[in-house]
Amino acid sequence: MEDKKLPDVLKKETSRRDFLRGTATAAGSAIAISAIGGIAPKKAEAQYSVQGVPGTKPYAQKYRFAERQNCTGCRSCEFACSLFHYGTARPALARIYIAKYKDIVDVPVMCWHCDDAPCIKACPTTPNSLTKDPKTNGIILNEKTCLGAKCMKCQEACPAKYIRGNPDTGQPLICDLCGGDPQCVKACMEQAGNPQGPCLQGRPLGIGVNMAFREVTPEQAGKDLANLLFYPNVEGKRVVPAKSKTRKGR
């Protein structure tokens, strides 16, 4: 599918970016639910693909990671994803999304492309409606055989609580990594003004690391971020660094 360009409004910096400057580095992910003005979502007119986007890049980015504290909630990733797959700027169709924790922290929620793929194992159809593209590591959905909303066993099996349903078809929105060239990563790189760097990053290797990331739910990631970025933290507690122990007489 032809690569779509982001609207000009998405190239503007956000106030959150100024706030996040100078924060410590911490890994994670998230997506904002607040709307961006100036873009009126329209009903999708896309022809849904049967097999997703197969691998076409010689050096595919098989894994995607996120520096959670660098997320500004700009939602460029959502728009880039929906534009690429469906030709419309409609975040509800994005295969990555931003969640809001207590209205103060933006958390990217995305597929970690688990090495053992619990979502694929949970699929009850024969043949399996979910498969992994060996070239890209992306999850490919066969929309002709998927049972959609009346099943969603893949959603139940996802340890990261990432999978959500397509509002038009009821079928799961699964990340295919855009054929090995994830558009969300490119959009984040272009939009990033944080001196710490962009939130999303793609890598050709990452086996094992993604398995650790998936154990952190969006809610837990939001709580960790809020405690990192705010003082006192959202629990009303004051975090005091432990003093180093010294020997007597020194």
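Values in this text are rule-based calculations from the coordinates and carry no lab data. Keep in mind that this is a model prediction, so the values were computed, not measured. Positions of Cβ are generated from backbone atoms using ideal geometry, with glycine treated the same way; all protein chains shown enter the neighbour counts.
Observations on the model:
- Put simply, when 84-90, 119-125 are sorted by average Cβ atoms within 10 angstrom per residue, most first, you get 84-90, 119-125.
- Stretch gain in nm, segment Thr169-Phe230, where the contour uses 0.36 nm per residue and the Cα spacing is subtracted: 18.0 nm
- Extended-chain gain in nm, criterion 0.36 nm per residue less alpha-carbon gap, Met211 and Lys102: 36.6 nm
- Sequence-ordered 3J(HN,Hα) estimates for the range 114-128 from the Karplus curve with 6.51, -1.76 and 1.60 and θ = phi - 60° stand at 3, 4, 9, 6, x, 5, 5, 5, 7, 5, x, 7, 10, x, 4 Hz, glycine and proline given as x.
- Label-to-label distance, Lys135 versus Glu219, with points set 7 angstrom from Cα along the beta-carbon direction: 4.1 nm.
- Hypothetical label at Ala92: residues of the range 160-202 whose amide nitrogen lies under 19 Å (7 Å Cα-Cβ projection): 163-174
- Dimensions in Å of the range 60-149 - Rg and Dmax from alpha carbons: 14.9, 44
- In Hz, Karplus ³J(HN,Hα) per residue of the range 97-105 (6.51, -1.76, 1.60; θ = phi - 60°; x = Gly, Pro): 8, 9, 9, 10, 9, 6, 6, 10, 10
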